[in-house]
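The values are calculated or read from the model by the stated rules, or taken from the named source; none is laboratory data. The structure presented is a predicted model; accordingly, all values stated were derived computationally and were not measured. When we count neighbours, we look across all protein chains shown, and the Cβ atoms used for this are built from the backbone with ideal geometry, even at glycine. Calculation scope for accessible area: heavy atoms of the full protein, side chains included, ligands and nucleic acids excluded. Shrake-Rupley method; radii C 1.70, N 1.55, O 1.52, S 1.80 Å.
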Amino acid sequence: DLASTSKTFTAVAILILEENNLIDVFEPVRKYVPEFKNLGNTTIYDLLKFRVKIVTDKRVDSTNKREEALEILYSAKLVEEEKVMNAYTDMGAMILRIVVEKVTNMSFNEFITEMIFKKANMVDTHLIVPSDKIERVAKVMELLKLIIIMLKVLNMIQKLLLLGLSLV
């Protein structure tokens, strides 16, 4: 899930590109991806620091087609030109992902796998869980749901006991 899980990997990917002199984080995003023409002088650094508010006319996930999703994302525009302290949004990470893909000519997933996971010997870590491992993830999620239900029941029992009510 790009939105939450991989924001850290997105930032690391951008810093790898910077370290290898493939980008300058203080340059406008559109220098590397001209399709982001509505972002004006918004820099990669602005996106890394969540300093700009960005919106699109439609939700990027409103389509299952990559090309349509890209067109929606390319329409991204600033809510206001002024820099803010915290404009936490998924939009910046989505845009930075496209920067990584354009600069490296690799898919974001391939880049992260090759440049981070393999180099760190993270052999069982994935941005996109392979189909042969999805059942393992589903089992963990079901177990977590069960634990949450149990904690809620224990909380209710504790409240009853504090009120002096007997469970028997």
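State all residues of segment 59-75 that are in a loop (DSSP other than H, G, I, E, B) and among the β-branched types (Val, Ile, Thr); if no residue qualifies, say none. Before you say what the answer is, go through the steps one by one.
If we filter segment 59-75 for residues that are in a loop (DSSP other than H, G, I, E, B), which is where we start, we get 59, 63-65, 75.
Within segment 59-75, 63 is the sole residue that qualifies.
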Return the residues of segment 109-122 that are closer than 24 Å to residue 93 by Cα and surrounded by fewer than 11 Cβ atoms within 10 Å (Cβ to Cβ); say none if nothing qualifies. 119, 120
For residue 106, which of the numbered conditions (1) in a helix (DSSP H, G or I); (2) modelled with pLDDT of 90 or more fails to hold? (1)
Every listed condition ((1) of a type outside the set (Gly, Ala, Ser); (2) open to solvent by less than 60 Å² (accessible area, probe 1.4 Å); (3) closer than 19 Å to residue 89 by Cβ; (4) within 18 Å of the chain's Cα centre (by Cα)) holds for residue 61 save (2)
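Kindly indicate which of 12, 100, 60 is out of contact with any strand residue (DSSP E or B) (no Cβ under 9 Å at 6 or more places or on another chain), within 27 Å of residue 125 (Cα to Cα), aliphatic (A, V, I, L, M) and modelled with pLDDT under 90. Full working, then the answer.
Values: 12 fails: modelled with pLDDT under 90; 100 fails: modelled with pLDDT under 90.
Result of the check over 12, 100, 60: 60.
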When residues of segment 5-30 are limited to those that are free of Cβ contacts under 8 Å to residues at least 24 places away in the same chain and under 16 Å from the mean Cα position of the chain (by Cα), the one farthest from residue 128 (Cα to Cα): 15
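Across segment 99-110, what is the number of residues that are touching a Leu at 6+ places or on another chain (Cβ under 9 Å) and in contact (Cβ under 8 Å) with a residue 60 or more places away in the chain?
5
Taking the options 21, 41, name whichever one is closer than 23 Å to residue 119 by Cα, at pLDDT 90 or above and open to solvent by 90 Å² or more (accessible area, probe 1.4 Å). If you could, list the steps in order and put the result at the bottom.
Working: 41 fails: closer than 23 Å to residue 119 by Cα.
Of 21, 41, the one residue that is closer than 23 Å to residue 119 by Cα, at pLDDT 90 or above and open to solvent by 90 Å² or more (accessible area, probe 1.4 Å) is 21.
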Filtering segment 31-58 down to residues that are in a loop (DSSP other than H, G, I, E, B) and under 20 Å from the mean Cα position of the chain (by Cα) yields 33, 36, 42, 49, 50, 51, 52, 53, 56, 57, 58
